[in-house]
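Peer 1: Here it is, the structure, as structure tokens.
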Protein chains: 2
Amino acid sequence: MKTKFIYTGIRVRDLEASVRFYTGVLGMKEIERSTIAAAKGIAVNLVTEEGGHILELNYYEKGSPFDAKYTVGEGLDHLAFAVANLDAALSEAKKAGHPMVQEIRAPTSRWAYIEDPDGNWIELCQSA
Amino acid sequence: MKTKFIYTGIRVRDLEASVRFYTGVLGMKEIERSTIAAAKGIAVNLVTEEGGHILELNYYEKGSPFDAKYTVGEGLDHLAFAVANLDAALSEAKKAGHPMVQEIRAPTSRWAYIEDPDGNWIELCQSA
């Protein structure tokens, strides 16, 4: 079938804490907020400054059929964000309470990881 | 900080089964495959026919520091793909062994979900 990958939805436990992280630390902006009555949930759509792929934060209220016990799990490995200056970005994230938790160095590349409020790994890499 | 959301990485347990699902069922194409020696892993990058956001499949070999016990978990809520005809897409997915596992109907919208080989939820929605 022909498809178009329109967004990535992550589940969040504290909607406002997650909005603060993705907007305040990662510089995304909220473009839409919807209440999904059928799921007893709220969906917040975010994009980075230049637009592009949507990150949807999915919050489920108590009593929602999707309010299952939360384990961050392994399904989502990481979300990757490019930054102009990796050291400056890591310093800024650390000051905001999100220190680097892992670094991978390859011969010509380097990636660093911080965690979002739910423990999802966020990769920061320096764009060329 | 200013960032650009460059890709979504999911962890997969059977790399070729996942490549088959995302290319064969969802119509994505493989654009790059890298071996990450530092992580003892393989990363396969996929995009849909018109390009757009990259889905990265992350596979970790036995002995990799990231080959943790796999629980699909709640961190990734779902990946959303638009299709031209939802019923036809669901029929095609079912024939490929991926039946609909959930449907949400709202007054003016309808979303359906299938599962990828690891149990991640894939949303299919009909584009306008």
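The values are calculated or read from the model by the stated rules, or taken from the named source; none is laboratory data. What you see is a predicted model; the values in this text were computed from it and never measured. Please note: Cβ atoms are built from the backbone with ideal geometry, for glycine as well, and neighbour counts cover all protein chains shown. Just the protein is used for accessible areas: all its heavy atoms, side chains included, with ligands, DNA and RNA removed. Shrake-Rupley method; radii C 1.70, N 1.55, O 1.52, S 1.80 Å.
Peer 1: Which of the residues belonging to the range A:47-59 are open to solvent by 30 Å² or more (accessible area, probe 1.4 Å) and modelled with pLDDT of 95 or more?
Peer 2: Here is the first cut: in the range A:47-59, the ones open to solvent by 30 Å² or more (accessible area, probe 1.4 Å) are A:49-50, A:52, A:54, A:59.
Result: A:I54, A:Y59.
Peer 1: I'd like the full set of residues that are modelled with pLDDT of 95 or more and hydrophobic (A, V, I, L, M, F, W, C), limited to the range B:92-128.
Peer 2: Passing the criteria: B:A93, B:A96, B:M100, B:V101, B:A112, B:I114, B:W121, B:I122, B:L124, B:C125.
Peer 1: Let me ask you something else. Identify, please: which residue in the range A:24-39 is of a type in the set (G, A, S) and more than 9 Å from chain B (Cβ to nearest Cβ) and is, among those, least open to solvent (accessible area, probe 1.4 Å)?
Peer 2: The initial filter retains those residues of the range A:24-39 that are of a type in the set (G, A, S), namely A:24, A:27, A:34, A:37-39.
From what's left, more than 9 Å from chain B (Cβ to nearest Cβ): A:24, A:34.
Numbers: A:G24: 54, A:S34: 35 Å².
The qualifying residue least open to solvent (accessible area, probe 1.4 Å) is A:S34.
Peer 1: Please determine, by comparing only the residues of the range A:69-78 that are facing chain B (nearest Cβ under 7 Å) and modelled with pLDDT under 95, which one is most open to solvent (accessible area, probe 1.4 Å). Working first, answer last.
Peer 2: The initial filter retains those residues of the range A:69-78 that are facing chain B (nearest Cβ under 7 Å), namely A:70-78.
Applying the additional criterion that residues be modelled with pLDDT under 95 yields A:70-74.
On the way: A:Y70: 29, A:T71: 67, A:V72: 46, A:G73: 18, A:E74: 47 Å².
Per the criteria, the residue is A:T71.
Peer 1: Among the candidates A:R20, A:R13, which residue alone is surrounded by 14 or more Cβ atoms within 10 Å (Cβ to Cβ) and basic (K, R)? Don't jump to the end; show me each part of the working.
Peer 2: Details: A:R20 fails: surrounded by 14 or more Cβ atoms within 10 Å (Cβ to Cβ).
Unique residue meeting the criteria: A:R13.
Peer 1: At pLDDT 95 or above, within 30 Å of A:S127 (Cα to Cα) and more than 9 Å from every other protein chain (Cβ to nearest Cβ): does that describe A:F21? Spell out how you get there, then give the answer.
Peer 2: Numbers: at pLDDT 95 or above: yes; within 30 Å of A:S127 (Cα to Cα): yes; more than 9 Å from every other protein chain (Cβ to nearest Cβ): yes.
Spelling it out, A:F21 is indeed at pLDDT 95 or above, within 30 Å of A:S127 (Cα to Cα) and more than 9 Å from every other protein chain (Cβ to nearest Cβ).
Peer 1: Here is a further query. Looking at B:Y7, B:Y70, which one is more than 16 Å from A:E123 (Cα to Cα) and of a type in the set (F, W, Y)? Before the answer, list the steps.
Peer 2: Details: B:Y7 fails: more than 16 Å from A:E123 (Cα to Cα).
Of the residues listed, the single one that is more than 16 Å from A:E123 (Cα to Cα) and of a type in the set (F, W, Y) is B:Y70.
Peer 1: Turning to a different aspect of this structure: Looking at the range A:85-128, which of the residues that are of a type in the set (A, V, I, L, M, F, W, C), within 11 Å of another protein chain (Cβ to nearest Cβ) and in a loop (DSSP other than H, G, I, E, B) is least open to solvent (accessible area, probe 1.4 Å)?
Peer 2: A:A106
Peer 1: Shifting gears a bit: Among the candidates A:L57, A:L46, A:L15, which residue alone is without any contact (Cβ under 8 Å) to a residue 60 or more places away in the chain, more than 7 Å from chain B (Cβ to nearest Cβ) and over 22 Å from B:I54 (Cβ atoms)? Before you say what the answer is, go through the steps one by one.
Peer 2: Working: A:L57 fails: over 22 Å from B:I54 (Cβ atoms); A:L46 fails: over 22 Å from B:I54 (Cβ atoms).
Result of the check over A:L57, A:L46, A:L15: A:L15.
Peer 1: Separate question: What residue, of B:F66, B:F81, B:F5, is facing chain A (nearest Cβ under 9 Å), touching a residue at least 24 places away in the same chain (Cβ under 8 Å) and open to solvent by less than 10 Å² (accessible area, probe 1.4 Å)? Let's see the steps before the verdict.
Peer 2: Numbers: B:F66 fails: open to solvent by less than 10 Å² (accessible area, probe 1.4 Å); B:F5 fails: open to solvent by less than 10 Å² (accessible area, probe 1.4 Å).
After ruling out the rest, the residue left standing is B:F81.
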